[in-house]
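K.L.:
Please see the structure below; I have some questions.
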Amino acid sequence: MRSVGDLRSLRACVRAWKQEGQRIGFVPTMGNLHAGHFSLVELAHRHAERVVASVFVNPTQFGPNEDFGRYPRTLAEDTVGLIEHGCDLLFAPAVEVMYPGGPEHTLKIHVPDVGDTLEGAHRPGHFDGVATVVAKLLVMVEPDVAVFGQKDWQQQLLVRRLVQELALPLEIITGPIVREADGLALSSRNRYLDANQRARAPELHATLEWMRSSFAEGHVRAAVEGAAVRRLERAGFAPDYAAVRRAMDLAIPAEGERTGLMALVAARLGTTRLIDNLCFD
Ligand code: PAF
């Protein structure tokens, strides 16, 4: 695996592969890679001869009181893991490469509607930072296919909308959530949890399962959501939301709408904010 940090080397490498007729798969990450990320690398390899992964802790998608400063930076371990999982090229740019004028002076891309609800409402500016950095990365890497994880369901919807509106010539693929044996979705932020919090964390997934069965039994959306919030509170979480939404656009389902739905939750355990989701069908 080659590892580069500048645009010129990145483009030379990718364009040489393209000239040989090889398809390029891309997996953008913020590093601190785990089995969930590696499953995306493997998925990318099923769609492309060459796989590029990026590691960049993007400052513009963190709010002023969020964990940008302490976000785990583990580039040496990430590099080993990417090699083991067949990645062909690691792009690990410095902030100056992604934001030549400084992150505070960057252009911003806002994706309305799907970017304004749930995570967008609870983390103001977060999705502008995500949309901006993903657009930059896609323009830089020029992949044929890019892979995003289902754990960030709203993010992958937002990226799909971005790609569609900018008419970027690539396919977006969504890889399934990878979970621990007890149901906790893998996340770089799980490492912030102490032993007590870790023991309680699977309740997030259990609540999603409960929302699915409760909704299937015929309970109305608002009742399911309210009961899910209370259930999380009883387990020691401070929930931001527990929502039943339309999977394709995160709109609130009409009364009587029962298919194509999903549940999404975001909640804090201590200072750690976790998100998860579950499709109902
Ligand atoms: O999902 C992530 O890790 C990040 O939001 C992404 C897509 C790499 C953009 O910084």
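The values are calculated or read from the model by the stated rules, or taken from the named source; none is laboratory data. Owing to the predicted nature of the structure, the values given are computational and were not obtained by experimental measurement. As a convention, Cβ positions derive from the backbone with ideal geometry for all residues, glycine included, and neighbour counts pool all protein chains shown. Areas reflect the complete protein model, heavy atoms only, side chains present, ligands, DNA and RNA absent. Shrake-Rupley method; radii C 1.70, N 1.55, O 1.52, S 1.80 Å.
K.L.:
Please go through segment 158-174 and give me each residue that is of a type outside the set (Val, Ile, Thr) and either open to solvent by 20 Å² or more (accessible area, probe 1.4 Å) or free of Cβ contacts under 8 Å to residues at least 12 places away in the same chain (or both), ordered by number.
P.N.:
Correct list: Arg160, Arg161, Gln164, Glu165, Leu166, Ala167, Leu168, Pro169, Leu170, Glu171.
K.L.:
Would you please name the residue that is farthest from Val27 (Cα to Cα), looking only at residues in segment 127-155 that are touching a Phe, Trp or Tyr at 6+ places or on another chain (Cβ under 8 Å) and near the ligand (Cβ under 10 Å from one of its atoms)?
P.N.:
Selected residue: Gly129.
K.L.:
Looking at Gly69, Gly63, Gly120, which one is farther than 29 Å from Ala16 by Cβ, assigned to a loop (DSSP other than H, G, I, E, B) and within 14 Å of the ligand (Cβ to nearest atom)?
P.N.:
Selected residue: Gly63, the only one of Gly69, Gly63, Gly120 that is farther than 29 Å from Ala16 by Cβ, assigned to a loop (DSSP other than H, G, I, E, B) and within 14 Å of the ligand (Cβ to nearest atom).
K.L.:
Which of the residues spanning segment 250-278 are closer than 18 Å to Gln156 by Cα and in contact (Cβ under 8 Å) with a residue 60 or more places away in the chain?
P.N.:
Hits for segment 250-278 are Leu250, Met262, Leu264, Val265, Ala266, Leu274, Ile275, Asp276, Asn277, Leu278.
K.L.:
Right, another one. Return the only residue of Arg198, Arg191, Arg230 being under 24 Å from Thr74 (Cβ atoms), in a helix (DSSP H, G or I) and open to solvent by 80 Å² or more (accessible area, probe 1.4 Å).
P.N.:
Among Arg198, Arg191, Arg230, only Arg191 is under 24 Å from Thr74 (Cβ atoms), in a helix (DSSP H, G or I) and open to solvent by 80 Å² or more (accessible area, probe 1.4 Å).
K.L.:
Among the numbered conditions (1) within 15 Å of the ligand (Cβ to nearest atom); (2) in a helix (DSSP H, G or I); (3) not aromatic (Phe, Trp, Tyr), tell me where Glu96 comes up short.
P.N.:
Here Glu96 meets the rest and fails (1).
K.L.:
Considering (1) more than 15 Å from the ligand (Cβ to nearest atom); (2) farther than 24 Å from Pro176 by Cβ; (3) part of a loop (DSSP other than H, G, I, E, B), say which one Gly86 fails and leave the rest.
P.N.:
So the condition that Gly86 fails would be (2).
K.L.:
Here's another thing I want to ask about it. Find the residue count for segment 84-122, including only residues that are of a type in the set (Phe, Trp, Tyr) and surrounded by 22 or more Cβ atoms within 10 Å (Cβ to Cβ).
P.N.:
Number satisfying all stated conditions: 1.
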